[in-house]
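Chemist: Following this message is one structure expressed as structure tokens.
The values are calculated or read from the model by the stated rules, or taken from the named source; none is laboratory data. Owing to the predicted nature of the structure, the values given are computational and were not obtained by experimental measurement. Cβ: placed from backbone, ideal geometry, glycine included. Neighbour counts: every protein chain shown. With ligands, DNA and RNA removed, areas are computed over all heavy atoms of the protein, side chains included. Shrake-Rupley method; radii C 1.70, N 1.55, O 1.52, S 1.80 Å.
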Amino acid sequence: MIRYWFPAVIFAVALLAAGCTDGKSEVRADAAVTAPEALTVQVAEARPREVERSIFVTGSLHPDETVTVSAEVPGRVSKLYFDFGQDVRQGQVVAELDKQELTIGLERSRAALAQALARIGLDPHQAGVIPEDTPAIRQARAQFEEARFRYENAKRLVKTGDISQERFTELEKSFSAREAALQASRDELQTQLANVQALRAEVRLAEKRLSDATVRAPFGGTVSERLVAPGQYIKENTPILTIVRTNPLRLRVDVPESAAGSVRPGTTLKFTTDAVPGAEFQAVVREMNPALNPKSRSLTAEARMAGADSRLKPGMFVQVRLVTDRNESIVTVPKQAIHNVAGLSKVFVIRDGTVTEHKISPGIDFGDWVEIPAGTIQAGDKVAISRLGMLTQGAKVQAEPARKG
């Protein structure tokens, strides 16, 4: 009995297995024929934008003028009227030296001049008068006239024999001597006049030296250093005070060779300093070095501030923004289009439903938009702004405009 139903069971099991196998094959075939659906992503359009391109360089602030005030004469410091940090006006007396010795020297020079004037018959109040003669000249002229009169008489008498030849010769020699004496007195006047001129110069020099004992400020500013003390004896040209004028401040900056063409006299420079956080200042270029520094390959430019600002001080280091291009065209994309992963930044351009991946270094940040390096994409290109982590190079996507709001 068992022999008859066992083969039948086996045949039934075989038929059941065959039926199950045919069903699975049909499912696989259907799966192979059905293609995956394209990923839907939102896209935005890359936009052009004009920007002002600039670079940053360091500079330093300098005072408008700095001078070390000194005395042109030696002497003992009797008074100092200003000290460190005090303001001084132009022409104000800042120091005085002891004037006793210089005053005596002036009086001696004036006395010598008065003596020289007296020799030519003038007094100190007639210092500018040039006399035609002097007492000595008048005396010599009188003696000359007398000698000439005697000589003229003797010349007639010697012809008539009323005087001897020897007497005539004697009177002739006397006349020649008186004539020479008159000429000598005139020459002496010229010598004395030259001596008077020299003494006048000595008086002016003595007056100047006395005036130099009073030291004045050459310009208005602030005392940055006091170098002597009252009672100290100093030699001529010894520094006494240092005065600094801080208005207007000078900005000196070294411009790189690549940006030298963007700076010229009249260019406005904008700068900031860590000493005044959050503030921006301006200075106008006035002078430029005509040649580049051969070592640093930079060009030194000097600018001046238009007005005074008590927050800025000479010696401060500043950061200067140099505008190299005022109207440079760039391409920007929304910040949403930037995909950052593993330290890399990417943007995905959608063309004809296909993804093109670009690795970038984002440029200027404009808030919701970011600059894309030149040559990466073009203005008007569609870039993905959603599902960025699911996009790969060459992937097929379905693009749809970005939703507003």
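Quick grid of which residues meet (1) under 30 Å from Glu236 (Cα atoms); (2) surrounded by fewer than 14 Cβ atoms within 10 Å (Cβ to Cβ):
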| residue | (1), (2) |
| --- | --- |
| Asp123 | no, yes |
| Ala136 | no, no |
| Phe149 | no, yes |
| Ala154 | no, no |
| Gly161 | no, yes |
| Ser164 | no, yes |
| Phe168 | no, no |
| Ser185 | no, no |
| Ala198 | yes, yes |
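Chemist: To continue, here is another question. Of the residues Val88, Val158, which single one is under 60 Å from the mean Cα position of the chain (by Cα) and farther than 18 Å from Glu202 by Cβ?
Modeler: Val88
Chemist: In segment 288-315, what residues are part of a strand (DSSP E or B), closer than 19 Å to Ser258 by Cα and touching a strand residue (DSSP E or B) at 6+ places or on another chain (Cβ under 6 Å)?
Modeler: Within segment 288-315, the first condition is being part of a strand (DSSP E or B), and the residues that meet it are 288, 293, 298-304.
With closer than 19 Å to Ser258 by Cα added as a condition, the list becomes 288, 293, 298-302.
Within segment 288-315, Met288, Ser298, Leu299, Thr300, Ala301, Glu302 meet the criteria.
Chemist: To continue, here is another question. Is it the case, given these coordinates, that Arg286 is crowded, with 18+ Cβ neighbours inside 10 Å and within 30 Å of Ile55 (Cβ to Cβ)?
Modeler: It is false that Arg286 is crowded, with 18+ Cβ neighbours inside 10 Å and within 30 Å of Ile55 (Cβ to Cβ).
Chemist: Given the residues Gly375, Gly367, which is the only one that is more than 30 Å from Val285 (Cα to Cα), outside any strand (DSSP E or B), modelled with pLDDT under 90 and open to solvent by 50 Å² or more (accessible area, probe 1.4 Å)?
Modeler: Gly375
Chemist: Still on this structure: Residues of segment 258-282 being under 14 Å from the mean Cα position of the chain (by Cα), surrounded by fewer than 18 Cβ atoms within 10 Å (Cβ to Cβ) and assigned to a loop (DSSP other than H, G, I, E, B), which ones?
Modeler: Arg264, Pro265, Gly266, Thr267
Chemist: Of the conditions (1) in contact (Cβ under 8 Å) with a residue 12 or more places away in the chain; (2) of a type in the set (A, V, I, L, M); (3) open to solvent by 40 Å² or more (accessible area, probe 1.4 Å), Ile240 satisfies every one except a single condition; which number is it?
Modeler: (3)
Chemist: Within segment 303-330, which residues are under 17 Å from Pro265 (Cβ atoms) and free of Cβ contacts under 8 Å to residues at least 60 places away in the same chain? Steps first, answer last, please.
Modeler: Taking segment 303-330 as the starting set, the residues that turn out to be under 17 Å from Pro265 (Cβ atoms) are 303-306, 320, 322-323.
Residues satisfying the conditions are Ala303, Met305, Ala306.
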